Amino acid sequence: MELLSGAEMVIRALRDEGVQHIYGYPGGALLHVYDAIFQQDEVQHVLVRHEQAATHMADAYARATGKAGVALVTSGPGATNAVTGIATAYMDSIPMVVITGQVMSFLIGEDAFQETDMIGISRPVVKHSFSVQRPEDIPSIIKKAFHIAQTGRPGPVVVDIPKDMTTPTERYEYEYPKSVKMRSYNPVSRGHSGQIKKAVDLLLGAKRPVIYSGGGIIMGDAHVELAELARSLNVPVTNTLMGLGGFPGTDRQFVGMLGMHGSYEANMVMHHADVVLAIGARFDDRVTNGVDKFCPTAKIIHVDIDPASISKTITADIPIVGPARDIIKEMIQLVKGAQTGPDAEAAKQWWQQIDEWRARHGGRFDINDEGLMKPQQVIEMLSKVTNGDAYVCSDVGQHQMFAAQYYKFNQPKRWINSGGLGTMGFGLPAAMGVKMNFPDAHVACVTGEGSIQMNIQELSTCQQYDIPVKIICLNNQSLGMVRQWQDMNYESRHSQSYMKSLPDFVKLAESYGHVGMKVDKYADLEGAMTEAFAMTDRLVFMDIAVDPFEHVYPMQVPRGAMRDMWLSKTERT
Amino acid sequence: MRHILSVLLENEPGALSRVVGLFSQRNFNIETLTVAATDDGTLSRMTVTTLGSDKVVEQITKQLNKLIDVIKVVDLTEGEHIERELMLIKLKANSSAARDEIKRTADIFRGQVIDATPNTFTVQLAGSSDKLDAFINALSGASLLEVVRSGVSGIARGEKVLSL
Ligand SMILES: Cc1cc2nc3c(=O)[nH]c(=O)nc-3n(C[C@H](O)[C@H](O)[C@H](O)COP(=O)(O)OP(=O)(O)OC[C@H]3O[C@@H](n4cnc5c(N)ncnc54)[C@H](O)[C@@H]3O)c2cc1C
Ligand SMILES: Cc1ncc(C[n+]2csc(CCOP(=O)(O)OP(=O)(O)O)c2C)c(N)n1
Ligand SMILES: [Mg+2]
């Protein structure tokens, strides 16, 4: 057997796990590991400019591929800088392995230089964490870290490695384990057949059914099965923000996103449904609105791999624990084998009703021919120019909601955004993580002038590694989402929600060696955007001036029912 | 309602802090908590008593089960069970009247005086938490100097066993 140092084992184990890129930033506690990186060329290290970006890159890689991304950060400030990224992945159940350096084991607890209790700091935002106590445990710990991150309900795992576990002169026999067995970790592998049967019976007898699906369809690779089930039952489908792309956005049966900024028709369908089939979705407060008024006439079937998601906020009538794909497959078989299919007359009436709702609002917005562009127009153009199949990596704010509403996602894993934590600064590193792994795909970062400045330093990383993403900055010169709330709830007192002293983004991009474009007329938008995407080997920063007064609608009325919405600045349901 | 949860977990560094952290992070209440290694040194057994509605306790159980170090969770209050808590209580005992009173009360409760000085008695008492409360109440005439309670340990009645 080969003898390797702890530092070498870290890198070798990553290679044996099939990892191609790791995103990181060096420091004292990791010097041995960085020396091991230097001496091999199988695992490529990407040097970011801030550790937060490393975690978002790893996270976005995971969102686009389904496999855990890897970040490597040093102890102390390196580790704390990574915490936001870990929390972002945790809230959206994204598999990730974060390796953090730690001070020498015999110094732990002495307030040593660059010591922080990373296991403690990260504890509430990890699926699990390991602290290496013996160098020879490194291979098995890394194996377990990937296993835990990627199975069951995915999530981030931290591996904290004291520097003396990586000493180059101390060598150990290296063997990467082939499999993992943990008596305390056995995710549910199939749903309960009796429950599945009950669910199908309920669905077949329903008159106003709906499927509400979320991120679990995307991460659980169940979109094909979901589409088949939806077709066989002829039911409308709505997706959460995290579930977009899990059902084709241009499909007749798709009614759009639901929830706070969901479509009028999706929220109306939910409110009036008699059976709600929730799959891989967690009844988040941005979705349910007032829980006491949520779906008053519906029986709820809830399929989720995590029992803790079920009946956490909304009590399920039929809970089913297990992986979405297998459970949906079983449902499809039962529907096929059923003696009577769904009630055709009821379906006809239900769809008639849905089409009426669609006609009532249908995502319309006012266009101002004279004044500034509307952000919605920019997203519609992005959808057109990229044929609806770009990877759209978003930041957080109004632009995120517009992207979710107006870009039609027909494939899963193309819409990459921070939903649960809502992390401004996520977009650019996320786009970078995707582009590095899908160099031939169109990758757009939809952002705002506020969010982009939270990780703007990564333009430098993009230059170093030639990462030609397209930055679509909807510049409304304000923290638009905050401002909208202030308009609606604080009589337009815009406390700290404006943006003064914005940089000249064109010059800024150019100073990093990229292409900058400024667009302030709709007439120029299509040409400019087409040109930007045609420059396949250049990063283009499109600074697009949009109407600062625009609001995102529909917007649910706080603590109301699903159907209680503002449809424009003046119209309410 | 009060629930007693029995938790079997890996005897690993950090496992306890994950459990305790979970309770504060998710705003769950902990009334008492006891933990120690079992006969199998790789396992710890923990008993947590908590107050909460059935819905909350269901969430607590599910969230505990989600912790990677946790192997099994059982709500003992769902079935017949035995709970015991140990109390050490130091009382002022500087007159013969006080000493007699304490001894008598301790006998009734089947407690034992395990340490004595000319001025104090220390009594050891085991039982359900209610019984320990009752003992303290019964001694309201005496002056308490110090009370140490272990928190509840619980086990199911009969042949039910919580093991791997
Ligand atoms: C500004 C802003 C506005 C927002 N507005 C909205 C809004 O209007 N509408 C909206 O929907 N969201 C909105 N969100 C997002 C919201 O906060 C939540 O992130 C989102 O609703 C959660 O999506 P989800 O229910 O699909 O759950 P996710 O967080 O994606 O969780 C996935 C669920 O699926 C389960 N799961 C995972 N894998 C599997 C599997 N293989 N099989 C079965 N189950 C599995 C998990 O256990 C989990 O319960 C907004 C966020 C921001 C930042
Ligand atoms: C790190 C972080 N800080 C604060 C917030 C609160 N927040 C949510 S949206 C928003 C404004 C975003 O502004 P911008 O990026 O310009 O997008 P816009 O809403 O204008 O489209 C703020 C401050 C957040 N989500 N993340
Ligand atoms: Mg803005």
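Read-outs: derived from the displayed coordinates by stated rules, not from any lab. Only a predicted model underlies this, so the values are computations on that prediction, with no experimental measurement involved. Cβ coordinates were reconstructed from backbone atoms using ideal geometry, including for glycine residues, and neighbour counts include every protein chain displayed.
A few comments on the model shown:
- Other residues within the sphere of radius under 13 Å centred on the Cβ of B:ARG157, judged by their own Cβ, net out at -2 (K and R +1, D and E -1).
- Separation of the alpha carbons by more than 29 angstrom is noted, of A:LYS207/A:LYS312; A:LYS197/B:LYS66; A:LYS143/B:LYS55; A:LYS207/A:LYS293; A:LYS67/A:LYS374, for A:LYS143/B:LYS55; A:LYS67/A:LYS374.
- Formal net charge of residues neighbouring A:PRO307 (Cβ-Cβ distance under 10 Å; K, R +1; D, E -1): +1
- Cα gyration tensor, chain A - rounded (a/c under 1.5), prolate or oblate: oblate
- DSSP assigns beta bridges within the protein assembly as shown; of those with both partners inside it, close to 45 percent run antiparallel.
- Taking the range A:401-526 and dividing mean pair separation by its residue count, relative contact order in percent (alpha carbons under 8 Å, at least six apart): 18 percent
- For B:LYS160, the lysines whose Cα comes closer than 22 Å to its Cα, not counting residues fewer than 8 places off in the same chain, are B:LYS62, B:LYS72.
- Percentage relative contact order, chain A, counting C-alpha pairs under 8 Å, at least six apart: 14 percent
- Lysines whose Cα lies under 19 Å from that of B:LYS131, excluding same-chain neighbours fewer than 8 positions away: B:LYS90, B:LYS103
- Proxy reagent accessibility, fewest Cβ within 10 Å first, across A:VAL396, A:VAL48: A:VAL396, A:VAL48
- Computed from the Cβ-Cβ distance with R0 of 30 Å, the FRET efficiency linking A:ALA534 to A:GLU370 stands at 0.50.
- Ascending count of other beta-carbon atoms within 10 Å, so fewest first, for A:PHE402, B:PHE109, A:PHE106, A:PHE505: A:PHE106, B:PHE109, A:PHE505, A:PHE402
- Normalised contact order of the range A:348-471, rounded percent, pairs of Cα under 8 Å and 6 or more residues apart: 24 percent
- Taking the number of Cβ atoms within 10 Å of each Cβ as an exposure proxy, the fewest-first ranking of A:TYR512, A:TYR490, A:TYR185 is A:TYR490, A:TYR512, A:TYR185.
- The calculated FRET efficiency for A:VAL224 paired with A:ARG183, based on their beta-carbon distance and R0 = 35 Å, is about 0.55.
- Local electrostatic count, A:HIS192, Cβ distance below 11 Å [Lys/Arg +1, Asp/Glu -1]: +2
- DSSP loop trypsin sites (Lys or Arg not before Pro) with at most 14 other Cβ within 10 Å excluded, longest remaining stretch of chain B: B:27-109
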